[in-house]
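Please treat every number below as a calculation from the coordinates, not as lab data. Computed from a predicted structure; not experimentally measured. Heads up, the Cβs are rebuilt from the backbone with ideal geometry, glycines too, and the neighbour counts pull from every protein chain shown.
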Amino acid sequence: MSQVDPADIPVVILAGGKGTRIREASEALPKPMIDVGGKPIVWHIMKTYAHHGHRKFVLLLGFKSWTIKEYFLRYRENVSDFTINLSNSETTFHGDYGGENFEISMVYTGLDTLTGGRLSRARAHLEDAPAFMLTYGDGVADIDVAAQRAHHFAEGTIGTVTAVHPTSRYGELQTDGHKVMDFAEKPDLNTGVVNGGFFMFSPGIFDYVNDDSEMLESGALQALTKDGELTMFLHEGFWRGMDTYREYVELNTLWDSGEAPWRVW
């Protein structure tokens, strides 16, 4: 495929999770809104993609969806100094608000919908795009998104999954160094590389999901693998999912120290 402007490639973020294993950080928030360095982790993910030219985002919402909607609806108030005249509610903002040129579609996909079904319910926002990125709302990396895009279009498959070296138990990938040969979700023992959660899909993925779909990982991705339509993009750099309180503390410590590897912007 010829060069595609990344501004035309939406980024889908699975943002419906409850984060039940990280309650020490917050029981009141959806997992993508848990704070890292003063901003929700989903903001960090969006900033990474924006650094590589993406500006359109589709957030797939579920648990406490209004919390995420309200944050972005009132984003400028959240990040700016301002003066408000209480007699007429006239507001004057002061200084730079961050300059994020994001276009964000909020799509409520159900409280308990599985990941394949969530993606299917966002089809109307994605099917006219040449391709789209997809990731989870709780992991950060210094991934070279531009290189992943180029890899995906060069391979011509429906899906590309980023492979990383494991830090804990994640779905294992059996590969031939190029194509994914088996997608083993949550194996007993991890070796080699695992699913890093940064995907790219062509519109053909919608032939593999529907509103009643099972998990994307145990359904569509395994079906793509069997059809030879899932390729691997190897990421050797920093990658971390925020699945536990220990990882939450680690990410905040890295940010506070000024040594957050995922801060590429």
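Observations on the model:
- Virtual spin-label span in nm between V264 and Y245, 7 Å along Cα→Cβ: 3.3 nm
- If you take all other residues with their beta carbon under 14 Å from the beta carbon of V58, and give Lys and Arg +1 and Asp and Glu -1, the sum is +2.
- The range 14-108: relative contact order in percent, alpha carbon pairs under 8 Å with at least 6 residues between: 29 percent
- Residues V4 and D35, FRET efficiency given R0 of 30 Å [Cβ-Cβ distance, rounded to 0.05]: 0.30
- Leading residue at positive end of dipole, the chain (Cβ point charges), from P30, G258, S87: S87
- Inter-site label distance for L111 and H165 at 7 Å from Cα along Cβ, in nm: 4.3 nm
- All Cα pairs of the chain, percent lying beyond 27 Å: 37 percent
- Secondary structure note: in the range 30-177, about 55% of the DSSP beta bridges are antiparallel.
- One decimal place: the segment A150-F93 gains 16.5 nm when fully extended, by the rule 0.36 nm per residue minus the C-alpha distance.
- Relative contact order (%) - criterion: Cα under 8 Å, at least six apart; region: the range 75-159: 14 percent
- On the basis of the beta-carbon distance and an R0 of 30 Å, S257 and D212 show a calculated FRET efficiency of 0.10.
- Summarising the overall dimensions of the range 1-142 from its C-alpha atoms, the Rg and Dmax are 16.4, 57 angstrom.
- DSSP beta bridges in the chain [antiparallel fraction, %, rounded to 5]: 55 percent
- Length-normalised contact order for the chain - Cα pairs under 8 Å, 6+ apart - percent: 24 percent
- Straightening the chain between H125 and K179 buys 16.6 nm, computed as 0.36 nm per residue apart minus the Cα-Cα spacing.
- A simple charge model with +1 on the Cβ of Lys and Arg, -1 on the Cβ of Asp and Glu and nothing else charged puts the dipole of the range 1-159 at about 480 debye relative to its Cα centre.
- By the beta-carbon count within 10 Å of each Cβ, the least crowded to most crowded order of L111, L254, L230, L126, fewest first, is L111, L254, L126, L230.
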